[in-house]
1. Of all residues in region 123-137, which are in contact with a Ser or Thr (Cβ under 6 Å, 6 or more places away or on another chain) and modelled with pLDDT of 90 or more?
2. Checking S87 against (1) under 30 Å from S28 (Cα atoms); (2) among the polar types (S, T, N, Q); (3) surrounded by 14 or more Cβ atoms within 10 Å (Cβ to Cβ), which test does it fail?
3. I need a count of the residues in region 90-114 that are more than 25 Å from G30 (Cα to Cα) and acidic (D, E).
4. Search region 145-174 for residues that are polar (S, T, N, Q) and pair each with any residue that is open to solvent by less than 30 Å² (accessible area, probe 1.4 Å) and in a helix (DSSP H, G or I) when their beta-carbon atoms are under 7 Å apart and the residues are at least 6 apart or on different chains.
5. Within region 123-136, track down each residue that is polar (S, T, N, Q) and either surrounded by fewer than 21 Cβ atoms within 10 Å (Cβ to Cβ) or farther than 19 Å from S159 by Cβ (or both).
6. Return yes or no: is D117 of a type in the set (D, E, K, R) and closer than 30 Å to K26 by Cα?
7. Tell me, which helices (runs of 4 or more DSSP H) wholly within region 116-176 include 3 or more residues that are among the aliphatic types (A, V, I, L, M)?
8. Under the condition of being polar (S, T, N, Q), buried (at least 17 other Cβ atoms within 10 Å of the Cβ) and over 22 Å from I96 (Cα atoms), which residue from region 138-176 is modelled with the highest pLDDT?
Amino acid sequence: ATEHKEMAEIYYSRGVELKPDFLAAKVSRGNLHLKLANYDLAQLDFYNVLQLDPYNADANELIQRIRPATEHKEMAEIYYSRGDFPSALASLSEVINISPWAANLFELRAEMHLENDDLLSAIADIRAATKLQSDNTQGYLTLATLLYQLGHAADALKSIRECLKLDPDNKVCFDF
């Protein structure tokens with residue numbers, strides 16, 4: 001999944017480089033940034049499109065998602081710092097709906113689930129994060145630890161194997 005996103009960004013960037021007025025590539029690249037929670041880059045792409053075509057429906061619609069995403073993310077962090085995990089989880093879930101390819105958001109939500117003693121939801125979010133990142137050895141180790149705590153030794157072992165596939169010399173995964 002990570003490789004496809006990186007290739008898409010390269011493809012769109014190359015299209016913009018070759019033809020600076022290629023608005024569809026800028027909108028697509030901005031949408032990619034939006035899904036990855038790179039809001040500043042997304043906003044820049046959408047603004048550049050709207051300077052050339054103020055009535056571009058896609059750019060106008062997508063740029064409207066940035067402010068709510070950043071506000072929900074800020075609120076999630078505030079709620080989290082205050083220990084209000086249900087509100088933090090609700091706000092962060094709104095951000096993930098807008099930016100479903102941002103592994104760091106899934107990792108943050110997993111932390112919140114762990115603070116809320118919801119291991120199963122934390123496991124689901126860590127799984128999502130490991131699928132979104134190509135080299136997430138720490139994620140696989142955390143996943144294995146949580147699965148083992150729940151008594152799912154076979155699944156924990158699968159996660160450790162994934163960790164060791166990424167880094168055969170990872171001492172912590174090997175010791176686990």
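1. Within region 123-137, I126 is the sole residue that qualifies.
2. Every condition holds for S87 apart from (1).
3. Summing the residues that are more than 25 Å from G30 (Cα to Cα) and acidic (D, E) in region 90-114 gives 1.
4. S159/L143; S159/A144; S159/L147; N170/C163
5. Q133, S134
6. no
7. Where helices (runs of 4 or more DSSP H) fall fully within region 116-176 and carry at least 3 residues being among the aliphatic types (A, V, I, L, M), they are 119-132, 137-149, 153-166.
8. Just the residues of region 138-176 that are polar (S, T, N, Q), to begin with: 138, 142, 145, 149, 159, 170.
Those left that are additionally buried (at least 17 other Cβ atoms within 10 Å of the Cβ): 138, 142, 159, 170.
Checking which are over 22 Å from I96 (Cα atoms) leaves us with 159, 170.
Details: S159: 90, N170: 82.
Filtering region 138-176 for residues that are polar (S, T, N, Q), buried (at least 17 other Cβ atoms within 10 Å of the Cβ) and over 22 Å from I96 (Cα atoms), the one modelled with the highest pLDDT comes out as S159.
The values are calculated or read from the model by the stated rules, or taken from the named source; none is laboratory data. Keep in mind it's a predicted model, so treat the numbers as computed, not measured. Quick reminder, even Gly has a Cβ in these numbers, built from the backbone with ideal geometry, and neighbours come from all protein chains shown. Accessible surface is based on the protein model in full, side chains and every heavy atom, while ligands, DNA and RNA are left aside. Shrake-Rupley method; radii C 1.70, N 1.55, O 1.52, S 1.80 Å.
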